[in-house]
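Trainee: What follows is a single structure, and I will ask about it in a moment.
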Amino acid sequence: MYHNDYVIVVKQYLRRYKEFGVYISNIHVAIEDIQDTMKLEGVPKVSVLSEAGGCGGSGKGVSPQEVLYFNKESAPARIAELHKKLEEIEPTFNKLKNSLNKLDPEDRSLLMQKWVSGDSWEDVAREVHLSYASCRRRSNVLLEKLAIMIFGKNADDTNSKIIFAK
């Protein structure tokens, strides 16, 4: 990736910040639901006198105990699949969230208003008490700073020949 690509990626992450947060939260809830379902006991089927005949009139042919058993049997695979989805997105989201929290409150506010909330530059400038042009310049500097915080030295183009010594 070229330097500017990292900044573009950070902008995209910020634009989807709320959605990623909700998505991660929903996956955690789904895992909890599956785990709670695994704790349930099956209830025997109750006979139903019905003209429909068959399995209590449900037409399924599978008892509630069997349904629960099948769900419990597939639960570990479903949980593993959800954990895999979390492994794909949660570390990057946590890096972004941590990096934003390390910024000054004014800088975080500027980025959150513009890139997360989607406010206009005029609204952002009014809120942070800077000119329109200053807000844009400050945003560019902050986006580069976030890119370095998230992606490390690969995102820093100031001096590509820096040697990190121990």
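Trainee: Within region 76-116, how many Lys pairs that are eight or more residues apart, or on different chains, come under 23 Å at the alpha-carbon?
Mentor: 7
Trainee: Kirkwood Rh, region 64-131, all Cα pairs: how many Å?
Mentor: 15.5
Trainee: Taking 0.36 nm per residue of separation and subtracting the Cα-Cα distance, what length does fully extending residue 117 through residue 134 add?
Mentor: Gain on extension, residue 117 to residue 134, equals 4.2 nm.
Trainee: Related question: Accessible surface of residue 25 in the full protein assembly, 1.4 angstrom probe, to the nearest 10 Å²?
Mentor: Looks like 60 Å² after rounding.
Trainee: Considering only protein heavy atoms, what is the solvent-accessible area of residue 93 at a probe of 1.4 Å, reported in Å² to the nearest 10?
Mentor: The value for residue 93 is about 20 Å².
Trainee: Measure off, as a whole percent, the carbon and sulfur share of the 1.4 Å-probe accessible area of region 69-143, all protein chains present.
Mentor: The nonpolar share, carbon plus sulfur, comes to 49 percent.
The values are calculated or read from the model by the stated rules, or taken from the named source; none is laboratory data. This structure is a prediction, so every number in the text was calculated from the model and none was measured. The accessibility values were calculated without ligands, DNA or RNA, using every heavy atom of the protein model including side chains. Shrake-Rupley method; radii C 1.70, N 1.55, O 1.52, S 1.80 Å.
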